[in-house]
1. Lone cysteines in the chain, going by a 4.7 Å Cβ-Cβ cut-off?
2. With labels modelled as points extended 7 Å from the Cα through the Cβ direction, what inter-label distance (nm, one decimal) is found for Lys406 paired with Ala374?
3. What does the highest-first list of 284-293, 50-59 look like by mean Cβ count within 10 Å?
4. Test of understanding: ordering Lys119, Lys335, Lys103 by Cβ neighbours within 10 Å, fewest first, what list do you get?
5. Mind sorting Phe46, Phe269 by how few other Cβ atoms lie within 10 Å of their own Cβ, fewest first?
6. Using Cα pairs closer than 8 Å and at least 6 residues apart in sequence, work out the relative contact order for the chain, in percent.
7. Starting from the 7 Å offset along Cα-to-Cβ, what nm value, one decimal, do you get for the label separation of Glu141 and Cys7?
8. For the chain, modelled as a GNM with alpha-carbon contacts under 10 angstrom, which of Asp221, Asp258, Asp350 fluctuates the most?
Amino acid sequence: MYICSECGEGSTKWLGKCPSCGNWNTFVKHEMGGKGSKRKKTRVSFATERLSKAKELDTMRMPTGMPEFDRVLGGGLVKGEVVLLSGPPGIGKSTLLLQGIHKHTTLYISGEESSAQVKHRAQRLGVDLASIVFSETTQLESIVQGIAELQNKPDVVVVDSIQTIYSLDVESTPGSLAQIREVCNQLTQLAKKHHIPIIIVGHVTKDGDVAGPKTLEHIVDAVLTFEGERVSHLRVLRAKKNRFGSTDEIGVFEMKKDGLQPVADPLAFIGETGDIKTAGRAVVGIMEGQRPFFFEVQALAVQSNLAVPRRVVKGVHYNKVLLLLAVLQKHVRLKFGMYDVYVNVVGGVDVKSPAADLGIAAALISSVKDIPLARSTVFTGEIGLLGEVRKGFRQGKIEQEAKRLKFKTMLSAQNVSSVKDLMKKLQ
Ligand code: TYD
Ligand code: MG
């Protein structure tokens with residue numbers, strides 16, 4: 001069997017392009033194993049029930065004790081839900097979970113660290129050890145049976161990480177696509193059967209190319225991503241999918257000596273220092289859920305020697321940058337075709353709000369024209385294909401916050417009508 005490492009699409013033949021997600025060279029071969037297929041051959045009867053008579057879903061929340069974590073979960077964990085927490089190694093996933101779950105009796109299954117290591121860390125974090133039961137077992141069938149036989153079921157189960165757990169039903173090595181899919185499927189059944197929330201940790205590499213967590217996204221109830229750069233201490237927790245809550249809210253943390261601490265400062269992502277006279281950066285104001293936040297977008301445009309100039313984008317949508325470059329080329333005659341362009345958001349976070357458009361465009365103009373922008377100016381607003389500037393989501397609230405934080409100027413749809421106008425205002 002061949003499985004697409006991007007979206008999980010299966011095929012009996014190798015395919016160059018995935019028919020489901022359109023990515024190239026993503027099909028990886030998998031041995032599916034004999035036993036696993038046995039299940040599919042058993043016939044089951046067709047069962048129906050009246051929806052009106054169906055059992056009510058228990059959506060009572062179990063708060064984690066970390067408000068930033070709860071905010072992203074939608075108020076806390078829900079019984080029987082499966083949460084996939086993904087992020088690059090070393091970002092702080094295990095730390096977040098240890099800090100977040102100790103209010104409940106927890107079964108902590110770790111194939112990554114020994115009990116002594118986890119204990120050491122838990123003590124450092126000031127976590128209540130009494131509520132945690134630890135297991136190093138990484139064999140799925142044994143975990144499933146073990147939990148079924150437990151007299152006192154835990155309130156929460158943590159599996160750290162899915163890449164270390166293996167099923168006897170699958171022949172390939174732990175961490176392979178076939179393994180993690182099987183493990184995820186069975187853990188999901190386990191969660192539903194015993195009404196216990198299970199949090200599964202999944203590692204992804206920086207460029208997300210390890211075949212893995214992505215293919216599990218449709219199986220689980222919620223997918224949380226933990227992002228940030230290891231060099232900076234800021235971490236953003238985001239819900240990519242959430243059956244029991246919104247996907248708007250983010251949780252912001254700082255990694256300190258004694259673990260993750262909540263960050264409420266909307267200016268946390270803006271560096272304090274740096275030469276104000278350098279061109280190519282702009283402060284953008286956007287809404288993240290109910291809260292306004294400010295980010296620094298940097299752009300660098302340098303003359304290109306390549307036939308097809310380079311575009312390297314991090315932190316904002318790649319296609320968004322292409323679109324803005326095209327709009328600027330068309331409406332203010334900036335010849336970006338001659339430039340390599342790099343765009344980055346400071347702090348290693350993702351800024352996906354369309355209200356960042358105006359700031360990205362400003363940073364691009366600033367770099368190519370070599371006009372430094374004042375740090376006391378905030379940009380917020382969407383840009384359309386005609387070069388028009390549109391009001392961003394809850395612009396009023398951002399403006400209020402910008403005033404409170406003593407930004408001197410705010411450029412938005414209110415005072416900038418188009419990219420042409422933006423260019424004039426920047427010069
Ligand atoms: P960890 O939770 O082990 O990451 P993951 O599970 O995502 O791989 O966190 C790893 C990093 O966090 C490690 O480099 C040390 C740092 N850290 C702190 O700075 N302070 C702390 O209190 C803890 C527990 C870890
Ligand atoms: Mg870990």
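What follows is calculated from the coordinates using simple rules that are stated; it is not laboratory data. Here the structure is a predicted model, which is why all the values come from computation and not from measurement. Glycine gets a Cβ as well: all are built from the backbone with ideal geometry, and neighbour counts include every protein chain shown.
1. Lacking a cysteine Cβ partner under 4.7 Å: Cys184.
2. Going from the Lys406 label point to the Ala374 one covers 1.4 nm.
3. 284-293, 50-59
4. Lowest to highest Cβ neighbour count: Lys335, Lys119, Lys103.
5. Ascending Cβ contact count within 10 Å gives the list Phe46, Phe269.
6. Over the chain, the number comes to 13 percent.
7. 3.5
8. Asp258
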